[in-house]
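Everything below concerns the one structure shown next.
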Amino acid sequence: MKKTYLVSAALLLAALFLSLTAVFYFQPILNASFWLIALVTLVLFALLIYIYPFARTIKAWPRPKQISLVIFLPIFSILASFSVRGEQGYLADNHLVIKLVVYFGMFLAVAILVMAIIKFFLAIKPATELQKVSPVYVLIYMLPMLAASMVMFIAFYPAAMTPDSMAQWEQAKTQEFTNWHPVMFTWTIMFLTKLWDSPGSVALFQIALLAFTMGYLGYLMKRFNLHSAIIWVVLIGAALVPMNSILSITIWKDVTYSISLLFFSLLMILLVKTNGEETKKLSFMALFLISSFVLVFFRHNGFPVFVITMIVVLIMYRHTWKRLLPAALVIIVIHQIITGPVYTKLDVVDSDPQEALSIPTQQIANIVVNNGDMDDDQQAYVNSLMALEKWPEKYNPYSVDPIKFSWGDYDRWVIYNDWPGYFKMWGGLVVQNPALAIEGFLKQSSLVWQMNLPEDGRMNRYVTNIYYGNEFGLVNRVIYPTVTQAAGKYLSVDDSAKETIWRPAVYIFLSTLLIYIAYLRNNWRVWLLLLPIALNTGAVTATIPAQDFRYLFSNTLFLYAALFISLISFVPRGGGKLEK
């Protein structure tokens, strides 16, 4: 009994310490409310009590999983803490020891929360066997997402369109194609508008795709024996999250691509769960070919995501090569034929290479603007790109567009005429100014890793209208004013909680944690399921031009798959028992 009191007292003191450091991490501790500190202390104390017995469970784990926790927990906690970090100017005048204590306490607080989440999920009995389920359930489970998207369709009829949308709409009408935006999406618009010459045809197409994919997710969850309550909570929750419904009516290539990436990931779950046996079914192979086709054609980074994933799949599940290898080769060959001879025949204009240079451009700009170390030759080269005095005027730390679209000032042909010279200059500046180069990269890629919106940052979330003043005379029509007003209010981002929902980094961190939990429950093969979305995230990080939510919409969708993965057991040896 005495020992219990001593442990409780020690945990309470630890909770108080962590509470003070966690609160100080976000605001001056002298300005913090007593009740806020008390509440955080109470929460942390409860979490410590909850995870305290978990140490005995961890000791019973296989050694590789114990080692994995020692590696994963501190890395994840540090990165998550860094991700939610604000400006913290109030910490600047404190002693270094105080700063270190605050940071250390915050890392520990996050680690405790992560451990509590791990324990909670591992305590849930996983689904193991598969059962036969009627495909009709796909139609039943797609209803929540379909209903939410149709509300947005009615509210902002017939669709939402930005200048990027109008560019593809124009190509569909003129049939003068450019690969700046994937041509396959332009052809899709051409086909759909033959059926109904309105942006609404494309919006309904996207609505149907998203609803069907969420219905298929529900179908798989039922087939994998998850409780019906969990299935409906996930599907209704996905329907209520505002970005899913509003983006389903926004004519962007990113929407269809993100849906295909989720569907492709669901097929990978089925492959791993059945240890490749599902590939023997014609229905699986048909869905695999369709989702793979959309994946590789509806955004440029989809092709490498597909190829790398399939290489890993064929290595891990070598016994499926007679079925998966020919299917993968079909997709690759079709891609090469269409993007090669077909594009040439149709005089498709190549995309601007500048699209891939967002990070180098921003790093150079940050170095120039902050008077970084540059020799005379480097200054002359940068000046030939754009006059040195123009860089401070054009530089936005979170978007390369002001520089990239400065057609009269920014001379991209300096790069195109001498690629080795450009990369040599850029590499030299990065080596000479590592801190400024890292700062430039972190700010430009903040959408990927930062869970809170930077104080000096701006984010493009969604649109509800067709681009005003377009040459095609496309306009929105209000069908039911009350529905339009209610939908607009529902979408508004007017507090920090709603702001957090729109940060892709939140979903990246949560998905990673859920996949790690699935690994603890199963084995290393589970990490294959994170590979497609991880490859896509890496590609976006390397080339992201601005802070547009749509670039990482796929991460939001993948969270539902990650939650599903964390609740099932892949046995034996990477595959589950087939239905009897």
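The values are calculated or read from the model by the stated rules, or taken from the named source; none is laboratory data. In this text, all values refer to a predicted model and were calculated from it rather than measured experimentally. Reconstructed Cβ throughout: ideal geometry from the backbone, glycine too, with neighbour counts over all protein chains shown.
Within the set 80, 55, 60, the sole residue that is of a type outside the set (Asp, Glu) and in contact (Cβ under 8 Å) with a residue 12 or more places away in the chain turns out to be 80.
Do we find that residue 282 is among the aliphatic types (A, V, I, L, M) and without any contact (Cβ under 8 Å) to a residue 24 or more places away in the chain in this structure? Criteria met by residue 282. Of all the residues in the stretch 393-409, those that are within 11 Å of residue 358 (Cβ to Cβ) and not in a loop (DSSP other than H, G, I, E, B) number 4. The set of residues from the stretch 367-409 being out of contact with any helix residue (DSSP H, G or I) (no Cβ under 8 Å at 6 or more places or on another chain), more than 20 Å from residue 544 (Cα to Cα) and of a type outside the set (D, E, K, R) comprises 371, 380, 383, 387, 408.
The single condition among (1) closer than 27 Å to residue 522 by Cα; (2) crowded, with 17+ Cβ neighbours inside 10 Å; (3) touching a helix residue (DSSP H, G or I) at 6+ places or on another chain (Cβ under 7 Å) that residue 127 does not meet is (3). Out of 394, 424, 404, one residue alone is surrounded by fewer than 17 Cβ atoms within 10 Å (Cβ to Cβ) and not assigned by TED's automatic domain parsing to the domain that holds residue 248. It is 424. Residues of the stretch 427-445 that are in contact (Cβ under 8 Å) with a residue 40 or more places away in the chain and either of a type in the set (A, V, I, L, M, F, W, C) or in the same structural domain as residue 164 (by TED's automatic domain parsing) (or both): 429, 430, 436, 437, 441. In the set (1) within 30 Å of residue 363 (Cβ to Cβ); (2) outside any helix (DSSP H, G or I); (3) touching a residue at least 40 places away in the same chain (Cβ under 8 Å), the condition left unmet by residue 555 is number (2).
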